[in-house]
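S.K.: Pasting a structure here, questions to come.
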Amino acid sequence: MDYVYGPVPSRRLGKSLGIDPLPSKTCNYQCIYCQLGKTTIFTNERKNYCPKQDIIKEIDKVLTKDEHNFDYLTFVGSGEPTLYKDLGELIQFAKKRTNRPICVITNGSLLSEKTVRDILLDVDLVLPTLDAGNNKTFRLINRPHPEITFDKLIKGFMEFKESFTKKFWIEVMLVREANDSKDELLQIKSRLDDIQPDRIDINVPIRPPAEKWVKKPRDNMLQLLDEIFGDYKDINFPEMGTFGKFSSDFEKEFLSIIQRHPMRQEQIIKTFKTSKNTESNILKMLDILEGKKIIQKNIYQGMVFWKLKST
Ligand code: SF4
């Protein structure tokens with residue numbers, strides 16, 4: 001499979017079957033904390049970056065199975081999915097083929113465009129991100145494409161929320177000394193009060209970030225978060241559970257997942273270990289792929305992660 005991957009365990013979605021319509025890594029942001037590394041295709045142009053019929057064929061193939069072993073079908077992956085021009089057609093096709101809820105994980109920047117808002121009206125859950133309550137911090141953390149302005153971003157969120165009747169959960173990623181002061185948090189909360197999401201998820205970088213200097217906020221923030229955000233979900237914990245795969249071809253399946261989702265070493269072993277493919281075989285294969293400069297190892301917060309090698 002080139003475009004469908006997983007299901008992967010997700011802290012918010014349970015088992016999420018991913019559909020990724022973009023080449024790695026295509027985005028209109030360059031977030032300092034991005035777990036996929038640096039943005040290589042930095043663009044704000046909406047177009048079909050991969051052949052639509054090939055993506056549809058894969059969705060069809062996976063959803064033909066009687067047993068749908070996932071909780072959400074999620075458009076997400078190697079960048080910002082709303083940059084895919086015919087995302088609406090992909091969503092409509094998927095809706096006809098499954099009764100499972102459909103989710104789009106987005107940075108929310110293109111909610112300022114009516115076409116994108118209209119496309120997303122038909123999904124069950126939209127998960128955008130808002131990390132800043134002012135333009136300066138927005139530019140510091142998300143480093144958006146020059147066409148994207150903070151005011152347009154907030155207006156887009158508000159316009160979408162006004163007409164969207166399903167679930168709209170905003171994630172706020174907190175980064176030490178970037179947006180974790182009381183003043184920054186109050187500004188974010190004020191924007192969230194204007195938007196009125198159905199849920200606020202507070203997150204911190206739990207996987208290796210694009211910029212090495214990015215750090216999690218200090219541990220003593222809970223009281224401040226409670227005071228400012230009141231009712232929110234803390235999603236600051238590693239996801240648990242196993243990853244799905246479509247074949248026993250380790251290299252193909254493993255690379256398909258880590259292109260979109262860096263994995264902890266213990267997750268890799270748990271997902272791919274069989275009586276034939278022992279833990280030491282898996283570790284050897286990781287070394288070989290690292291030697292070929294296809295993947296890279298990162299030690300982050302005391303855990304070993306593997307991700308695609310950054311260019
Ligand atoms: S975190 Fe999301 S929005 Fe930010 S650069 Fe990465 S893919 Fe783009």
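A short reminder: the numbers here are calculations on the coordinates, not readings from a lab. These numbers were taken from a predicted model, which means no experiment stands behind them. For neighbour counting, all protein chains shown are included, and Cβ atoms are generated from backbone atoms with ideal geometry for every residue, glycine included.
S.K.: Which residues, taken from the stretch 11-32, are more than 20 Å from Lys245 (Cα to Cα), assigned to a strand (DSSP E or B) and either away from the ligand (no atom under 13 Å from the Cβ) or among the β-branched types (Val, Ile, Thr) (or both)?
M.R.: Thr26
S.K.: Let me ask something else. For the stretch 107-148, give me the residue count where each residue is over 24 Å from Trp213 (Cβ atoms), under 17 Å from the mean Cα position of the chain (by Cα), within 16 Å of the ligand (Cβ to nearest atom) and aliphatic (A, V, I, L, M).
M.R.: Residues meeting the conditions: 5.
S.K.: While we're looking at this one, here's another question. Got at least one residue in the stretch 152-167 being touching a residue at least 60 places away in the same chain (Cβ under 8 Å) and of a type outside the set (Phe, Trp, Tyr)?
M.R.: no
S.K.: Could you tell me whether the stretch 126-135 includes any residue that is within 19 Å of Leu174 (Cβ to Cβ), loosely packed, with under 15 Cβ neighbours inside 10 Å and touching a helix residue (DSSP H, G or I) at 6+ places or on another chain (Cβ under 7 Å)?
M.R.: Of all residues in the stretch 126-135, those within 19 Å of Leu174 (Cβ to Cβ) come to 127-135.
Within this subset, residues satisfying the condition of being loosely packed, with under 15 Cβ neighbours inside 10 Å are 135.
From what is left, the residues that are touching a helix residue (DSSP H, G or I) at 6+ places or on another chain (Cβ under 7 Å) are 135.
Yes, the stretch 126-135 contains at least one residue that is within 19 Å of Leu174 (Cβ to Cβ), loosely packed, with under 15 Cβ neighbours inside 10 Å and touching a helix residue (DSSP H, G or I) at 6+ places or on another chain (Cβ under 7 Å).
S.K.: Still on this structure: Of the residues that make up the stretch 162-171, is at least one under 20 Å from the mean Cα position of the chain (by Cα), within 16 Å of the ligand (Cβ to nearest atom) and surrounded by 20 or more Cβ atoms within 10 Å (Cβ to Cβ)?
M.R.: So in the stretch 162-171, the residues under 20 Å from the mean Cα position of the chain (by Cα) come out as 166-171.
Checking the rest, the ones that are also within 16 Å of the ligand (Cβ to nearest atom) come to 169-171.
Filter once more, keeping what is surrounded by 20 or more Cβ atoms within 10 Å (Cβ to Cβ): 170-171.
Yes; the residues of the stretch 162-171 include at least one that is under 20 Å from the mean Cα position of the chain (by Cα), within 16 Å of the ligand (Cβ to nearest atom) and surrounded by 20 or more Cβ atoms within 10 Å (Cβ to Cβ).
S.K.: Quick one: count up the residues across the stretch 220-263 that are of a type in the set (Lys, Arg) and either free of Cβ contacts under 8 Å to residues at least 24 places away in the same chain or over 30 Å from Asp198 (Cβ atoms) (or both).
M.R.: At the first step, the residues of the stretch 220-263 found to be of a type in the set (Lys, Arg) are 233, 245, 252, 260.
Filter once more, keeping what is either free of Cβ contacts under 8 Å to residues at least 24 places away in the same chain or over 30 Å from Asp198 (Cβ atoms) (or both): 245, 252.
Matching residues across the stretch 220-263 total 2.
S.K.: Another one. Specify the residue that is surrounded by the most Cβ atoms within 10 Å (Cβ to Cβ); the eligible residues are those in the stretch 187-212 that are touching a residue at least 40 places away in the same chain (Cβ under 8 Å) and within 16 Å of the ligand (Cβ to nearest atom).
M.R.: That would be Pro205.
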